[in-house]
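Student: Dropping the structure in here first, questions after.
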Amino acid sequence: MSFYFISDIHVKEPNDFGCLLLKDFFAKTNAKEGDEIFLVGDIFDLMIGDHVEYLSLYSDFFNQLKESTSKGVKIHFFEGNHDFHLRKLFKRFCKLNNVSEDLIRIYQGPLFTEISGKKIHVSHGDDIEIDNPSYKAYKRVVNNPFMKFVANYIMPFSLLNFIGTRASNKSRNRNQKKYEIRDDKNVMEKFRESFRREIKRKPVDILICGHSHVKDDYTFEEARYLNVGYARLEKSFLKISDDGQIDFVNLA
Ligand SMILES: [Mn+2]
């Protein structure tokens, strides 16, 4: 059994570079029965709420999920800060395509599991991030039940898309650094500190996340922090093999 992890592809539209990476990721993993794929958040730059339009807009991705799950591959989808409130959408997808909901798991928070005898924490990474009060306030707003209801039932897809694209572009302008600078030492150190605090709170052998857009492989007191980084820049994913061997694998 092998385990594959990728995050922060930020697919913006069908057939863009992100879609290409996502397609290449599924091709390169060549996952078989019993293998597990972890989509660790912000796979899509904008996917919010139960809007059936997403199923046709990103039909390549959903067809891929259908194909993988039909082979007995389990998919773990972690909601990020760009793709969330998606439980109902995936439920809908499973029903429409006769896919067992057991093979597609959606997470709003961290998953604590065990792989090859190691205790593992998997999450998008925003849950462990320290010193980001404005982000935490934003999360409280978007995650409250009212906003969830609005995203699922009130807001039409077209309006959501319009607002979301604008907000996303604005945030990109604000965070230009995050999207362009590789190995940003300040961000890297902040997330290492976040990791050190998190494993004191809840010890694991390995913590895997994304979100910071800074790829990392760092060990502290025998615990390992693996950040899969910004897929669009790094063009790689993480693989844990049957024997516990951990590798970054390159994409196209
Ligand atoms: Mn993120």
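No value in this document is a laboratory result; all are computed from the given coordinates. A quick note: this is a predicted structure, and the numbers were derived from the prediction, not measured. Note that each Cβ is placed from the backbone with ideal geometry, even for glycine, and that neighbours are counted across all protein chains shown.
Student: Looking only at the range 1-20, filter to residues that are surrounded by 20 or more Cβ atoms within 10 Å (Cβ to Cβ) and within 16 Å of the ligand (Cβ to nearest atom); which one of those is farthest from the chain's Cα centre (by Cα)?
Tutor: Step by step, filter the range 1-20, then rank; the result is Gly18.
Student: Test Lys88 against the criterion of being touching a residue at least 60 places away in the same chain (Cβ under 8 Å) and either surrounded by fewer than 16 Cβ atoms within 10 Å (Cβ to Cβ) or assigned to a helix (DSSP H, G or I) (or both), and give yes or no.
Tutor: Values: touching a residue at least 60 places away in the same chain (Cβ under 8 Å): yes; either surrounded by fewer than 16 Cβ atoms within 10 Å (Cβ to Cβ) or assigned to a helix (DSSP H, G or I) (or both): yes.
When the stated conditions are applied, Lys88 passes them.
Student: Right, another one. Just to be sure I understand, how many residues within the range 1-27 are free of Cβ contacts under 8 Å to residues at least 60 places away in the same chain, part of a helix (DSSP H, G or I) and more than 20 Å from Glu79 (Cβ to Cβ)?
Tutor: Residues in the range 1-27 being free of Cβ contacts under 8 Å to residues at least 60 places away in the same chain, part of a helix (DSSP H, G or I) and more than 20 Å from Glu79 (Cβ to Cβ): 2 in total.
Student: Would you confirm whether any residue within the range 183-196 is small (Gly, Ala, Ser) and in contact (Cβ under 8 Å) with a residue 24 or more places away in the chain? Walk me through it before giving the result.
Tutor: Filtering the range 183-196 for residues small (Gly, Ala, Ser) gives 194.
From what is left, the residues that are in contact (Cβ under 8 Å) with a residue 24 or more places away in the chain are 194.
For the range 183-196, residues small (Gly, Ala, Ser) and in contact (Cβ under 8 Å) with a residue 24 or more places away in the chain: present.
Student: Also: Could you list, in sequence order, the residues of the range 113-166 that are among the polar types (S, T, N, Q) and either away from the ligand (no atom under 16 Å from the Cβ) or over 22 Å from Lys215 (Cβ atoms) (or both)?
Tutor: Thr113, Ser116, Ser134, Asn143, Asn144, Asn152, Ser158, Asn161, Thr165
Student: On to the next question. Filter the range 28-77 for residues that are within 18 Å of Cys209 (Cα to Cα), within 16 Å of the ligand (Cβ to nearest atom), part of a strand (DSSP E or B) and in contact with an Asp or Glu (Cβ under 7 Å, 6 or more places away or on another chain) and give the result.
Tutor: Phe44
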